[in-house]
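To keep things clear, I will list the structure first and then write my remarks on it.
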Amino acid sequence: MSTPLIWILLPMLAAGTSLFFLRYRYILRWSGLGFGLILVVSGLVLPINEVFKFLFWEVKLSEQLLIFGRRFILSGADRPIVILLFSLWLFWLLIMDPKLVPAQFIPLSLAGICLILTAYSVEPIFYGALFFAFLALIYVVLLSPPGKEPTPGVLRFLIFQILGMLFILFAAWLASWIDLNSGNQVMLARSLLILALGFSFLLSIFPFISWISMVSERNHPFLSGYIFNTYFLGVFLFGTRFILEGGWIGQGLDIQLPFQLAGVIMLSSGGLIAIFSKHLGRLMGAVIIAEIGRSLLAISLFQAGFPIYFGMVILQSISLGVWSISLTQLQQGIHDLDFQSAAGAARLWPVITSGLLLGYFTLAGVPLLGGFPIYWALGSGLSFYPLWINSIFVLSTLGLVYGGLRLLGVLTKNAGEESILILAAPSYRYLILGLNVLLVLIGFLPQLIFRITRTISDLLLGS
Amino acid sequence: MSDLLQSLLLALLFFCGTGILIGSSRRWMTGLLALQYVEVFLFVSISWPLEIAVVKLVAGWMASAVLFLTYQNMIEAEPESWFAANPPGTAFKGFAALLVGLSVYSLVPLALRWFLGATSQQVLGGLWLLGLGLLQLVLSRDSLRIIIGLLTVLSGFEILYATLEASVLMTGLLAILNIGFAFLGAYLLIASNLEENP
């Protein structure tokens, strides 16, 4: 028995099996919730590399699985990642409305989480790029539910991810060549350039950002939200491990500046798109692009930035979750998600639109909400770096806030319409309210989040 | 394999890649794709043992068969002539393919410095497929063409990568990826006709 068997193969098997039960969506959801909870608890309590008693048997859980000479390792130090990923899945499963979200979300999202864990655990790590290609295939199916044509954004997403995989595999081969010819700066520069290109495709760094806005505009808001949340988290985890294990930092290279440059470009792109967006979906895309930028800036701070990054992940999940369910519910009342159609929606459906506003403003970094203390910490960390980085950081945040104010203006506009249509079941309205309260609470008690994220990053970097 | 045979294979590979790009009939496209995989297999077999290289052929043919069977069973009619009813478009694609071919040819001496264990035909073949596949991806919005474009890009990469590394796991994963692309293409073709849920 090994940890990859329990946390990768077993859930993958469960995901495959549940594809046969798509008709029974409520049963699927509840059993998924139970299974997710078991996975999270197993991540918390299962001892690794120690003999323990399970029912009648004495079991020893090994941390690695060997397949065709390659190792898949999930050690004790990787526990936080396992718990984080399965908790995210559990969270999205908990907030999904089975009436409005395609049933295949449950098995495919679980398979996606397993593939992220596989990419993270494989050794040598560059094999992970291949698993991201499989993940892209699954996410394309998820974003193209039955009865819907595949959108151009989804196809572009697929193309970019496959190209990214090819570049990373090639760069990894070049890097292995450098070991034999140590000191070859030309080869090192070439492989770094190709690697950067590969990760730019995977992380949708400018100019490869177009698919984000396209997907957020045309695809199901809940599915898009989930994919943005987990895909980029997976790529960041994989990338971090790639850099740490590949010894890229130890080569005496300055990778901080490229990270910050990419981060600033992404953040400013997000800010600019938010200013000019006239569509609720595109606004979500703008925030996601900005979040990728902030994540890059956080990781550029290395040890000091990891707790901030994981704080952002937790916050992003809650905010995107509330935004996505609110948008999914709102879509039932308005025919389109552009600003014109959404005008005055706050007067008709105040609870649902409050989810949109709080989710957005949290990610924009408005004071008193959960995002503010985390972005403040990020800004403080960046204050030791050149002024232009800090200036763009502040200006882009203002751009995001401006986009939110426009959204507020549109949603509260008196469109002179009256509707007796009640959107969302009471349980979902309470859920939106509850998540709103949570976002405000995090704003007041950020130390709770930071305590968790510091533990996560200590465990990870300690490995 | 002799130089002459490799050069002949190369010419056939370029013909297949260009044919897939400019052809409008789905049947022809799949047929050429299956033929392309034969050439990919032969190029890979220069660097790898035959029993591992044959995985590329089997996976490629499976992928082609999946795609072929899917639209064979689709109700909607499709143009069955080789060329589309759009001669300027076809001419443009053909010209673009020629340009890609020429520019890749000029890059071969440089590329040979990177792929030390490869023959010039292998490098040229791999780069041609990469270029033609990318061209397909750039010029098309149709999901089937995009999938075939990705399969072509992956084939080019596989020829080049085979000259660098021979790993069983990598070969297996790339084969699964090829078949995965085909299944995805099949799903995307029929997705809009499936029963909507919810």
**Prompt:** Checking A:Ile81 against (1) within 18 Å of the chain's Cα centre (by Cα); (2) free of Cβ contacts under 8 Å to residues at least 60 places away in the same chain, which single condition isn't satisfied?
**Reply:** (2)
**Prompt:** farther than 20 Å from A:Leu431 by Cβ, modelled with pLDDT of 90 or more and surrounded by fewer than 23 Cβ atoms within 10 Å (Cβ to Cβ): does that describe A:Leu46?
**Reply:** no
**Item:** Set B:Gly23, B:Gly17: member being at pLDDT below 85, touching a helix residue (DSSP H, G or I) at 6+ places or on another chain (Cβ under 6 Å) and small (Gly, Ala, Ser)
**Value:** B:Gly23
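Identify, from the list A:Ile113, A:Ile106, the residue that is touching a Pro at 6+ places or on another chain (Cβ under 8 Å) and surrounded by 24 or more Cβ atoms within 10 Å (Cβ to Cβ).
A:Ile113
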**Asked** List the pairs whose first member sits in the range B:154-176 and is without any contact (Cβ under 8 Å) to a residue 40 or more places away in the chain and at the interface with chain A (Cβ under 7 Å from one of its Cβ atoms), whose second member is crowded, with 19+ Cβ neighbours inside 10 Å and in a helix (DSSP H, G or I), and whose Cβ atoms are under 6 Å apart, counting only residues at least 6 apart or on separate chains?
**Response** B:Phe157/A:Leu166; B:Leu173/A:Leu130
**Request:** Determine which member of the set B:Ser140, B:Ser120 is more than 19 Å from B:Leu57 (Cα to Cα) and either hydrophobic (A, V, I, L, M, F, W, C) or away from chain A (no Cβ under 13 Å) (or both).
**Result:** B:Ser120
**Asked** Could you say which residue among B:Gly149, B:Gly125 is under 19 Å from B:Leu32 (Cα atoms) and touching a Ser or Thr at 6+ places or on another chain (Cβ under 7 Å)?
**Response** B:Gly149
**Message:** On the basis of being more than 14 Å from every other protein chain (Cβ to nearest Cβ), touching a strand residue (DSSP E or B) at 6+ places or on another chain (Cβ under 9 Å) and aromatic (Phe, Trp, Tyr), does A:Phe52 make the cut?
**Reply:** yes
**Scan of the range A:185-208 for residues that are touching a residue at least 60 places away in the same chain (Cβ under 8 Å) and not in a helix (DSSP H, G or I), ordered by number** = A:Ser204, A:Ile205, A:Phe206
**Prompt:** Name the residues in the range B:177-198 that are more than 7 Å from chain A (Cβ to nearest Cβ) and assigned to a loop (DSSP other than H, G, I, E, B), would you?
**Reply:** B:Asn193
**Fill in**
Of A:Phe302, A:Phe276, A:Phe310, the only residue that is farther than 21 Å from A:Gly404 by Cα and without any contact (Cβ under 8 Å) to a residue 60 or more places away in the chain is A:Phe302
**Complete:** In the range B:118-161, anything more than 14 Å from B:Phe43 (Cα to Cα) and among the acidic types (Asp, Glu) is listed as B:Asp142
**Asked** Within the bounds of the range A:412-425, is there any residue that is assigned to a helix (DSSP H, G or I) and in contact (Cβ under 8 Å) with a residue 40 or more places away in the chain?
**Response** no
**Message:** For a quick check of your reading of the model, give me the residue pairs whose first member lies in the range A:372-392 and is under 23 Å from A:Ile449 (Cβ atoms), whose second is in a helix (DSSP H, G or I) and charged (D, E, K, R), with beta-carbon atoms closer than 8 Å and at least 6 apart or on different chains.
**Reply:** A:Tyr375/A:Arg294; A:Leu378/A:Arg294
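May I ask you to list the residues in the range A:18-37 that are free of Cβ contacts under 8 Å to residues at least 24 places away in the same chain and surrounded by fewer than 13 Cβ atoms within 10 Å (Cβ to Cβ)?
A:Phe20, A:Ile27, A:Gly34
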**Message:** Can you tell me how many residues within the range B:109-129 are surrounded by 14 or more Cβ atoms within 10 Å (Cβ to Cβ) and assigned to a helix (DSSP H, G or I)?
**Reply:** 12
**Asked** If you check A:Ile352, A:Ile374, A:Ile389, which single one turns out to be of a type in the set (A, V, I, L, M), closer than 23 Å to A:Leu280 by Cβ and in the same structural domain as A:Ile299 (by TED's automatic domain parsing)?
**Response** A:Ile352
**Asked** Name the residues in the range A:119-151 that are surrounded by fewer than 24 Cβ atoms within 10 Å (Cβ to Cβ) and polar (S, T, N, Q), would you?
**Response** A:Thr151
**Request:** Output yes when any residue across the range A:233-246 is surrounded by fewer than 19 Cβ atoms within 10 Å (Cβ to Cβ), of a type outside the set (Gly, Ala, Ser), assigned to a helix (DSSP H, G or I) and at pLDDT 90 or above, and no when none is.
**Result:** no
**Selection count, the range A:48-70, where residues are closer than 15 Å to A:Ile6 by Cα and touching a residue at least 40 places away in the same chain (Cβ under 8 Å)** = 8
**Request:** Kindly list the number of the only condition in (1) part of a helix (DSSP H, G or I); (2) within 10 Å of another protein chain (Cβ to nearest Cβ) that fails for A:Pro146.
**Result:** (1)
**Message:** Quick test of your reading of the structure: A:Ile8 fulfils all but one of (1) within 23 Å of A:Gln64 (Cβ to Cβ); (2) loosely packed, with under 13 Cβ neighbours inside 10 Å. Name the failing condition by number.
**Reply:** (2)
**Prompt:** Pairs, please: C-beta under 6 Å, at least 6 apart or cross-chain, first residue within 19 Å of B:Leu134 (Cα to Cα) and in the range B:1-28, second modelled with pLDDT of 80 or more and polar (S, T, N, Q)?
**Reply:** B:Leu10/B:Gln121; B:Cys16/B:Gln36; B:Leu21/B:Gln136; B:Ile22/B:Thr90
**Qualifying residue in the range B:87-109 (condition: within 14 Å of another protein chain (Cβ to nearest Cβ) and either within 29 Å of A:Glu149 (Cβ to Cβ) or in contact (Cβ under 8 Å) with a residue 40 or more places away in the chain (or both))** = no
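The values are calculated or read from the model by the stated rules, or taken from the named source; none is laboratory data. Keep in mind it's a predicted model, so treat the numbers as computed, not measured. Backbone-built Cβ (ideal geometry, glycine too); neighbour counts: all protein chains shown.
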